[in-house]
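**Student:** What follows is a single structure, and I will ask about it in a moment.
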Amino acid sequence: MRRGSVIQLVAIGLVAGAVGAAVALLIPWLPTAAGKEAVRIHFVYWFTTAIAITVFSVVAAVLVYSIWKFRAPPDDFSDGPPIHGHTSLEIVWTVIPAVLVTAISIVSAVVLAENGKAGPDPLLIKVKAQQFAWNFTYPNGKSFGYLTLEKGRSAKLDITSVDVIHSFWVPQLSQKQDAVPGQHNTIVVTPIRTGTYPVVCTELCGLGHSIMRSHVDILSPTDFAAWVKKGGSTTGPPGLAVFQQFGCGGCHTFKPAAATGAVGPDLDNLKTYAANAHRGTLEQFVHESIVAPGAYIAPGYQDLMPHTFAQQIPKNQLAQLVQYLVQGAK
Ligand code: CUA
């Protein structure tokens, strides 16, 4: 091959590589990693991407060069020369991909093994999914509709479902894990950044799939200790604890609870809803809306609220919750 042709090939390859690198680097494809496991997963992603861009550059260079250099002149309808295989070329294009794929497998296997390690003292949290809400139970038995983690401390999530298959995902923590009825799947998360991030259901699980969201608060060790000391809950009326435990704020706005969910009716306007519904007193209306949410659907909303609260919320706690909502309603 002449020196000029090599230079042309390399030049096309460099341009293709620059275009590939620009697409990879200039577009923010990945969220900022908030966990150690996510950092490792992002490393695998970039490792694979670098290989892909290199392969793309070589293929693009050969392709563009060949199309341009070996194109048929006008009026040339003759056949090209018959070509039999090229043994050394075939060995090269078999060995190189084999090496690259093996390298990706090894890096992935190491990351997968590392990401499964929870360390000596993980925080054990039971995660329960149901149509269409998340519930997180801590070792002390307290449970919440949102997740709270401590920065720097591994947490082992034991994930299951009470009805259909859901999937637990926090984009900033990178990992997804299915929530399957009758099965307990685990993932380890080791937060490295404080902040609030979304918890998303990433398995189509029914009409309310898209609203099956919660959030994770990652707190500094000091803030986490304070959170635990407070009983893992804001001090307030007992109804507030029930409101938080069953994740009502994930879908409803309610100022007394600092809840800002926008999926279901705004509970600050309960009195207006009750007046329009004509279903007994405000108290009766609130009670019925929790235990039989399908009985009356406020105009503009859908029948998405879990129908299982009648079995899930103990009677005394249900009474506390109803009182709390009635008193907080304007
Ligand atoms: Cu639960 Cu989608």
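The values are calculated or read from the model by the stated rules, or taken from the named source; none is laboratory data. None of these values were measured; they are calculated from a predicted model. Virtual Cβ from ideal backbone geometry, glycine too; neighbours counted across all protein chains shown. Side chains included, ligands, DNA and RNA excluded: accessible areas come from the protein's heavy atoms. Shrake-Rupley method; radii C 1.70, N 1.55, O 1.52, S 1.80 Å.
**Student:** When you look at residue 164, is it within 12 Å of the ligand (Cβ to nearest atom) and touching a residue at least 60 places away in the same chain (Cβ under 8 Å), yes or no?
**Tutor:** Considered against the rule, which asks whether it is within 12 Å of the ligand (Cβ to nearest atom) and touching a residue at least 60 places away in the same chain (Cβ under 8 Å), residue 164 comes out as no.
**Student:** Same structure again: Is it the case that the stretch 169-183 has a residue that's surrounded by fewer than 18 Cβ atoms within 10 Å (Cβ to Cβ) and without any contact (Cβ under 8 Å) to a residue 12 or more places away in the chain?
**Tutor:** Looking through the stretch 169-183, none of the residues is surrounded by fewer than 18 Cβ atoms within 10 Å (Cβ to Cβ) and without any contact (Cβ under 8 Å) to a residue 12 or more places away in the chain.
**Student:** Oh, and also: Name every residue in the stretch 207-245 that is in contact with a Gly (Cβ under 7 Å, 6 or more places away or on another chain) and within 16 Å of the ligand (Cβ to nearest atom), in order of residue number.
**Tutor:** Across the stretch 207-245, the qualifying residues are 213, 214.
**Student:** Here's something else I'd like to know. Every residue in the stretch 203-227 that is out of contact with any His (no Cβ under 6 Å at 6 or more places or on another chain), farther than 20 Å from residue 264 by Cα and not aliphatic (A, V, I, L, M), please.
**Tutor:** Correct list: 217, 220, 221, 222, 223, 224, 227.
**Student:** Regarding the stretch 267-275, can at least one residue be identified that is open to solvent by 30 Å² or more (accessible area, probe 1.4 Å), within 16 Å of the ligand (Cβ to nearest atom) and of a type in the set (Ser, Thr, Tyr)?
**Tutor:** no
**Student:** From the residues in the stretch 23-53 that are touching a residue at least 24 places away in the same chain (Cβ under 8 Å) and out of contact with any helix residue (DSSP H, G or I) (no Cβ under 9 Å at 6 or more places or on another chain), which one is most open to solvent (accessible area, probe 1.4 Å)?
**Tutor:** Filtering the stretch 23-53 for residues that are touching a residue at least 24 places away in the same chain (Cβ under 8 Å) and out of contact with any helix residue (DSSP H, G or I) (no Cβ under 9 Å at 6 or more places or on another chain), the one most open to solvent (accessible area, probe 1.4 Å) comes out as 39.
**Student:** Another question about this same structure. So residue 220 ticks every box in (1) of a type in the set (Ser, Thr, Tyr); (2) over 29 Å from residue 34 (Cα atoms); (3) not assigned by TED's automatic domain parsing to the domain that holds residue 299 but one. Which box is left unticked?
**Tutor:** (2)
**Student:** Still on this model: Output the number of the condition that residue 106 fails; it satisfies all remaining conditions of (1) open to solvent by 20 Å² or more (accessible area, probe 1.4 Å); (2) on the phi < 0 side of the Ramachandran plot; (3) in the same structural domain as residue 188 (by TED's automatic domain parsing); (4) more than 13 Å from the ligand (Cβ to nearest atom).
**Tutor:** (3)
**Student:** Right, next: Can you tell me which residue in the stretch 187-201 is farthest from residue 122 (Cα to Cα), limited to those that are more than 16 Å from the ligand (Cβ to nearest atom) and open to solvent by 40 Å² or more (accessible area, probe 1.4 Å)?
**Tutor:** Once the filter is applied, the top-ranked residue is 196.
**Student:** Please go through the stretch 109-155 and pick out each residue that is in a strand (DSSP E or B), over 26 Å from residue 264 (Cα atoms) and aliphatic (A, V, I, L, M).
**Tutor:** Passing the criteria: 123, 124, 125, 149, 155.
**Student:** If the requirement is being among the aliphatic types (A, V, I, L, M), farther than 18 Å from residue 249 by Cα, away from the ligand (no atom under 12 Å from the Cβ) and open to solvent by 30 Å² or more (accessible area, probe 1.4 Å), which of these qualifies: 124, 204, 157, 149?
**Tutor:** Going through 124, 204, 157, 149 in turn, just one is among the aliphatic types (A, V, I, L, M), farther than 18 Å from residue 249 by Cα, away from the ligand (no atom under 12 Å from the Cβ) and open to solvent by 30 Å² or more (accessible area, probe 1.4 Å): 124.
**Student:** I'm told residue 107 meets every condition in (1) in contact with a helix residue (DSSP H, G or I) (Cβ under 6 Å, 6 or more places away or on another chain); (2) of a type in the set (A, V, I, L, M); (3) over 30 Å from residue 159 (Cα atoms) except one. Can you identify the failing condition by its number?
**Tutor:** (3)
**Student:** Right, something else. Working only within the stretch 1-33, note down all residues that are farther than 30 Å from residue 170 by Cβ and of a type in the set (A, V, I, L, M, F, W, C).
**Tutor:** Hits for the stretch 1-33 are 1, 6, 7, 9, 10, 11, 12, 14, 15, 16, 18, 19.
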